[in-house]
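Undergrad: Below are the structure tokens for one structure; questions will follow.
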Amino acid sequence: LVFIKALADKPQSYFRIPKEHRSRSDWKSVSRILREGVGRSTLPCVKLRAVVDAAKEISQLDSEERSVFPDASFFDGKVDVKNKALGADDFLPIFIYCFVQAKIERPSALCELLSVMCDPRKMNGETGYYLASFHAALTHIHELDLTEAENDLSIIFDT
């Protein structure tokens, strides 16, 4: 949780979200799904469903925002986003950003609980993929060197 608190005020660029996929809404709807559905619900099946719902919301919100603002990036001026679909390499930084913004308590224990409680038949499908993304987000956050990142202004200013 210390890492998450330290990262909470970082901009989307810090998480290396590509300019064409930065959200005007700051991905608040995704963070809310994670916070309420994963962090606050009690049933593991509801928590797993919320992980999937949050992931789907990323794709939906990205598509909606790009259709409303097809030639603009809220943060960086003009960016051609008409033909830029959201790929796996774009998805994970966004998911990590939303994970941080959700400020889920005891994320490591929660990740372990979800891994143990997930129906093994679902581990090879959509649920398993997004649960792996949840685990990857947590692992990435744990492995960050916050002191190094604080000194790397290019991350923040996108240079």
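Undergrad: Please list 3J(HN,Hα) in residue order for the stretch 89-100, calculated via the Karplus relation 6.51 cos²θ - 1.76 cosθ + 1.60 where θ = phi - 60°; whole Hz, with x for glycine and proline.
TA: 5, 8, 5, 4, x, 5, 4, 4, 4, 5, 4, 5
Undergrad: Residue by residue through the stretch 107-124, what is 3J(HN,Hα) from phi via Karplus (6.51 cos²θ - 1.76 cosθ + 1.60, θ = phi - 60°)? Round to whole Hz and write x for glycine and proline.
TA: x, 5, 5, 5, 4, 5, 4, 5, 5, 6, 7, 5, 4, x, 5, 8, 5, 9
Undergrad: Moving on to the next point. Please arrange LYS47, LYS103 by accessible surface area, largest first, computed with a 1.4 Å probe and ligands excluded.
TA: In descending accessible area the options line up as LYS103, LYS47.
Undergrad: While we're on this one: Sequence-distant or interchain residues sharing an amide H contact under 5 Å with ILE104, placed H: which?
TA: Amide H neighbours of ILE104, under 5 Å, 5+ apart: none.
Undergrad: Also, quick follow-up: Expressed as a whole percentage, what fraction of the accessible surface of the stretch 1-70 belongs to carbon and sulfur atoms when a 1.4 Å probe is rolled over the protein heavy atoms?
TA: 54 percent
Undergrad: Mind checking the dipole of the stretch 84-131: about its Cα centre, +1 per Lys or Arg Cβ, -1 per Asp or Glu Cβ, Debye to the nearest 20?
TA: 60 debye
The values are calculated or read from the model by the stated rules, or taken from the named source; none is laboratory data. Keep in mind that what you see is a predicted model, and the values were worked out from it rather than measured. Please note: Cβ atoms are built from the backbone with ideal geometry, for glycine as well, and neighbour counts cover all protein chains shown. Ligands, DNA and RNA are excluded from the accessible area calculation, which covers all protein heavy atoms including side chains. Shrake-Rupley method; radii C 1.70, N 1.55, O 1.52, S 1.80 Å.
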